[in-house]
Amino acid sequence: MTEFSYSTGAESIMNQFHGVDVMVYVEGQDDIPFWEFMFTKFTSISIEVQDVGSCSELEPYMQKIVSNQLNAIVACDMDFTAFNSDGFDHKNIIKTFSYSIENSMLHIDNIHKAIKVIGRLPSRNVRKEDVEDWLHDFYIQLEQLIKMDIYNEVNNLGVSVVGNNSTRLMRSRVSSELCSDKIEKYISKTIPQLTGYNHSVIDDLISEAGLENKQLLRGHFLFSAVSKFVKNYIKSKGINVSLSNDALYSALILSLESTFTESNNEFQYYKNALEEVAVVA
């Protein structure tokens with residue numbers, strides 16, 4: 001978290017200090033390479049990406065951008081703002097296509113490429129269909145929990161529904177397969193805490209927002225599950241790897257260079273958003 005803040009006047013010339021067209025403010029360090037990649041791919045403007053430490057620390061920047069006090073850009077996670085508007089609607093405030101940057105990084109093609117890179121496996125040994133099938137089943141099994149998580153957020157109930165780690169819902173600590181019994185028990189235990197829960201109401205909210213259920217899964221939860229899947233998939237090919245979260249993140253970022261193409265369903269979203277940013281000379 002930042003320990004001090006600059007005046008609006010100082011912030012407005014921060015880009016000149018860095019010798020770039022515009023400053024881009026993001027939540028944390030992990031966001032920097034993702035947004036640098038997106039700006040490089042879809043714009044010709046020069047940028048300096050600076051993390052501010054937390055989501056709440058971004059709010060003053062967004063307020064100044066919306067009120068035209070600051071010529072800068074904020075790039076942040078969508079999370080659940082599609083349902084609880086944060087009031088920051090501006091072309092220089094860019095939000096992710098799904099819940100977070102992790103959701104965008106964990107696309108079928110990108111996971112497939114990361115497996116090949118991390119496991120040093122030839123293409124013939126890594127079937128993209130395996131990744132697709134696993135992700136499809138994963139989202140299907142979590143459908144109810146995702147809706148419950150949205151309901152909790154919309155109604156500000158303060159219940160921990162999905163959380164940031166998938167382990168407790170897996171068949172074992174190292175498994176990458178969800179356990180249907182654990183999920184059913186967890187749902188039965190959690191629903192009584194969500195007073196008035198009605199899944200059809202959430203279905204309507206998701207539809208009205210123009211979103212899909214899978215876009216709203218917490219990114220850290222998804223990342224933890226994909227990490228297990230990648231390790232287990234590589235192990236199934238007779239190769240043992242030590243895979244840290246940092247190593248997986250790095251592989252996914254590097255893989256974006258070749259996998260983030262027009263065939264990706266998020267490509268046009270980011271292209272449109274980034275081409276609309278306005279930079280005052």
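For the reader, a short list of remarks on this structure follows.
- Each Lys or Arg adds one and each Asp or Glu takes one away; over the other residues whose Cβ falls under 15 Å from the Cβ of Phe260, this sums to -3.
- For Glu59, solvent-accessible area (1.4 Å; no DNA, RNA or ligand), Å²: 80
- 32 Å Cα-Cα threshold exceeded, pairs from Lys147/Lys237; Lys91/Lys147; Lys91/Lys116: Lys147/Lys237; Lys91/Lys116
- Projecting the Cα positions of Asn232, Asn272, Ile115 onto the charge dipole of the chain (unit charges on Cβ atoms of Lys, Arg, Asp and Glu, taken about the Cα centre) puts Asn232 furthest along the positive direction.
- Only one of (1) 18.3, 58; (2) 20.0, 59; (3) 21.6, 91 was calculated from the structure for Rg and Dmax of the Cα atoms in Å, and its label is (2).
- Positive minus negative residues near Ser172 (Lys, Arg vs Asp, Glu; Cβ under 12 Å): +4
- Note on surface exposure: Thr261, Thr40, Thr96 rank Thr40, Thr261, Thr96 by accessible area, highest first, 1.4 Å probe.
- Taking the three principal axes of the alpha carbon atoms in region 111-249, the coordinate ranges are 51, 31, 25 Å, sorted in descending order.
- Rounded to 10°, Cα long-axis angle of helix 55-66 versus longest principal axis of the chain: 40
- Treating each Cα of region 183-281 as one equal point scatterer and applying the Debye formula with no solvent, the log10 of I(q)/I(0) at q = 0.19, 0.22 Å⁻¹ comes out as -1.14, -1.23.
- The chain: relative contact order as a whole-number percent, Cα under 8 Å and 6+ apart: 22
- Axis of helix 199-208 versus longest Cα principal axis of the chain: the two differ by about 40°, to the nearest ten degrees.
- Take the Cα of Thr261, go 7 Å toward its beta carbon, and the backbone nitrogen atoms of region 91-120 under 14 Å from that spot belong to 109-110, 113.
- Helix 128-154 and the long axis of the chain differ in direction by around 70°, with both axes built from C-alpha atoms.
- Descending principal axes extents, region 1-149, alpha-carbon based, whole Å: 55, 37, 27
- The 1.4 Å probe gives accessible areas that order Arg127, Arg173, Arg120, Arg218, largest first, as Arg120, Arg173, Arg127, Arg218.
- Distance from region 63-77 to region 234-260 (C-alpha centre basis), Å: 34
- Protein accessible area in the chain, 1.4 Å probe - carbon and sulfur %: 46
The values are calculated or read from the model by the stated rules, or taken from the named source; none is laboratory data. Computed from a predicted structure; not experimentally measured. Note that each Cβ is placed from the backbone with ideal geometry, even for glycine, and that neighbours are counted across all protein chains shown. For the accessible areas, the whole protein counts, side chains as well, though only heavy atoms, and no ligand, DNA or RNA atoms are used. Shrake-Rupley method; radii C 1.70, N 1.55, O 1.52, S 1.80 Å.
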